[in-house]
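Quick notes on the structure that follows.
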Amino acid sequence: FTLLSSATVDRSTTDASFASGGFNFDNGDDWSSMLLTNYSIDDDEVDTHQFSLSHELDWGGIASVRYDYDRDAQRAIGLGLNYTNECVNFESELLRRESVIAGAEPALELKISVELGGFSQGRGRRCG
């Protein structure tokens, strides 16, 4: 069980200030979950909630689900699948994100990341 907290000022797009807090639970075996809340210091209200749940599969993969809630409505829900061994790191997520613009259609995002390893001549990790 881990308690998470942070404070952030977003100067890249606005001067918005946020405080974040949450809980992370990992049973040390195959399940983990996280609940995170962002509080807008400038607007003096809760801005977003995020919940994620993941399960390590028998063959070494990880399946996950994510749910984002933004003030008054669901903003995103997604599924992910990850796999890592000494030769490859594969991460994927399918996310359905609601638009903040009224009347706009939701967007589907597919994220895929593949990292290959074990091809070094030195002391790095090796495949096979």
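Remarks
- For SER92: the one exception among (1) over 28 Å from CYS127 (Cβ atoms); (2) modelled with pLDDT of 75 or more: (1)
- Of all residues making up region 111-128, the number that are modelled with pLDDT of 85 or more and either closer than 20 Å to LEU57 by Cβ or charged (D, E, K, R) (or both): 5
- Of all the numbered requirements in (1) at pLDDT 85 or above; (2) over 19 Å from the mean Cα position of the chain (by Cα), SER54 misses one, and that requirement is (2).
- Residues of region 38-63 classified as touching an Asp or Glu at 6+ places or on another chain (Cβ under 8 Å) and of a type in the set (Ser, Thr, Tyr), total: 3
- Answer from SER64, SER99 - the residue that is among the hydroxyl-bearing types (Ser, Thr, Tyr) and at pLDDT below 80: SER99
- Residues within region 62-74 that are surrounded by fewer than 16 Cβ atoms within 10 Å (Cβ to Cβ) and over 20 Å from GLU98 (Cα atoms), tallied: 1
- Residue satisfying all of: in region 27-61; under 26 Å from CYS87 (Cα atoms) and either of a type in the set (Lys, Arg) or assigned to a loop (DSSP other than H, G, I, E, B) (or both); most open to solvent (accessible area, probe 1.4 Å) among these: ASP58
- Any chance ASN85 is modelled with pLDDT of 80 or more, surrounded by fewer than 16 Cβ atoms within 10 Å (Cβ to Cβ) and out of contact with any strand residue (DSSP E or B) (no Cβ under 8 Å at 6 or more places or on another chain): yes
- Close pairs (6 angstrom Cβ cut-off, 6 or more residues apart or separate chains): under 25 Å from ASP70 (Cα atoms) in region 23-37, open to solvent by 40 Å² or more (accessible area, probe 1.4 Å) and in a loop (DSSP other than H, G, I, E, B) anywhere: PHE25/PHE1
- Those residues of region 96-112 which are assigned to a strand (DSSP E or B) and surrounded by 11 or more Cβ atoms within 10 Å (Cβ to Cβ), in sequence order: ARG96, ARG97, ALA107, GLU109, LYS111
The values are calculated or read from the model by the stated rules, or taken from the named source; none is laboratory data. Since the structure is predicted, the reported quantities are computational estimates derived from the model, not experimental observations. Counting neighbours? That spans all protein chains shown, and the Cβs are built from the backbone with ideal geometry, glycine included. The accessibility values were calculated without ligands, DNA or RNA, using every heavy atom of the protein model including side chains. Shrake-Rupley method; radii C 1.70, N 1.55, O 1.52, S 1.80 Å.
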